[in-house]
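Taking it in order: structure first as structure tokens, then the write-up.
The values are calculated or read from the model by the stated rules, or taken from the named source; none is laboratory data. Note that the structure is a prediction, hence the values are computed from the model and not measured. So basically every Cβ, Gly included, is an ideal-geometry build from the backbone, and we count neighbours across all protein chains shown. Each accessible area value is taken on the protein alone, full model and side chains, heavy atoms only, with ligands, DNA and RNA left out. Shrake-Rupley method; radii C 1.70, N 1.55, O 1.52, S 1.80 Å.
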Amino acid sequence: MSELIYLYGIVPIQKEEQPFSDLTGIDEEHVLHTINFDQCAAVVCRVDEKDYGEKVLEEKTKDMEWVKDKAFHHHETLIKLRERTTIIPMKFCTIYQTENSLGDMVSTYAGDWVQLLDNLKEKEEWNFKIYCDRPSLREKVAEHDLTIKEKKEEIEGMSKGKQYLQRKKLDQLVDEQVEKELNSFSKSFHDKLSTYCDQDVVKKTWNKDVTGKDEEMCWNSAFLLPLDQVEGFLEEVTKANEEHQHAGWKFEVTGPWPAYHFVNLSKSEV
């Protein structure tokens, strides 16, 4: 069987001969090496077709433990590469049949990728999440929101039959106000952090089954930060945790990561 080419990412042309050969590839046998093209370079490793051919992968990717293990390797390798150079990260299991097919793809996108590499230079991706103790926030909204307080007083003067129906409506109103507070507060803080960044993106929130946390995730975003803005960005998050922790808010930041959310990847080929 022949060898295929597993692509980790696109980097600037490397003057040093095989600068990443100390890193082991996804098959735990071949090492990483670079292939320089006219305008940029590809970081790759060789893999055997019998282990990473299209039909073989269709079966292997049904095994979630295998996927978890190999996807973690891919992610960890990208982190190590990002520490050494600017990189456009490729998706897990981006594989090419030959160096020629890889070269054809690179030549198609090289102009855009050179520009993207220049944009990503001296920048890092950081992920940011806001969690909230919803029951605690709901209690505070119910106590302090003027509209809700007025509605409560109005209900007190009604007959018991009307009070039951109106209290059901009041519960709905409280839930609506809580949702508005969550979105307004989270967006306001996101906008504050965005003053530090070059680009930002808002992502979908995760439920508790995914996060494993007691608090509810109410905001999820990513920022592409110039290196000289990272310290101020992190200080802002630390300050927010100190100021708002008593109110049931928790701010979480992770990174730096490869610029997963700020690159436009082509479809992988096998």
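List of remarks:
- Probe 1.4 Å, protein heavy atoms only - accessible area per residue of segment 206-250 in square angstrom: 57 Å²
- Mean accessible surface per residue for segment 38-93, computed with a 1.4 Å probe while every protein chain stays in place, in Å²: 55 Å²
- In the chain, the portion of solvent-accessible area held by carbon and sulfur atoms comes to 46 percent [1.4 Å probe, whole percent, DNA, RNA and ligands not counted].
- Alpha carbon centroid spacing (whole Å) that separates segment 178-211 from segment 71-145: 18 Å
- For segment 1-80, the Kirkwood hydrodynamic radius from C-alpha pairs, put into Stokes-Einstein at 4 °C and a viscosity of 1.567 mPa s, yields a diffusion coefficient of 96 µm² per second.
- Residues of segment 186-223 falling in the label zone of GLU179, defined by backbone nitrogen less than 19 Å from a point 7 Å along Cα to beta-carbon, are 186-188, 203-208, 216-220.
- Cβ-derived FRET efficiency at R0 25 Å, ASP112 paired with SER21, nearest 0.05: 0.35
- On Cα atoms only, tilt of 230-244 relative to the major axis of the chain in degrees: 30 degrees
- Each label was represented as a point 7 Å from its Cα along the Cα-to-Cβ direction; for ASN264 and LYS187 these points are 2.6 nm apart.
- The alpha carbon convex hull volume per residue for the chain rounds to 166 Å³.
- Taking every alpha-carbon pair within segment 47-134, the share separated by more than 18 Å comes to 63 percent.
- When the chain is described by a simple charge dipole with +1 on each Lys and Arg Cβ and -1 on each Asp and Glu Cβ, the residue from LEU120, SER184, LEU32 located farthest towards its positive end is SER184.
- Database remark: amide H of ILE13 closer than 5 angstrom to the amide H of ALA41 (H placed geometrically; neighbours at sequence offset of 5 or more, or on other chains; Pro and chain starts carry no H).
- Computed from the C-beta positions of VAL201 and GLU29, the FRET efficiency with R₀ = 41 Å rounds to 0.65.
- Fully extending the segment from ARG84 to ASP209 would add 41.5 nm, taking 0.36 nm per residue of separation and subtracting the current Cα-Cα distance.
- Residues with amide H under 5 Å from that of LEU23, placed H, sequence gap 5 or more: LEU32
- Karplus-derived 3J(HN,Hα) values for segment 40-53, using 6.51 cos²θ - 1.76 cosθ + 1.60 with θ = phi - 60°, are 7, 10, 10, 9, 9, 9, 7, 9, 6, 4, 5, 9, 10, x Hz; glycine and proline are entered as x.
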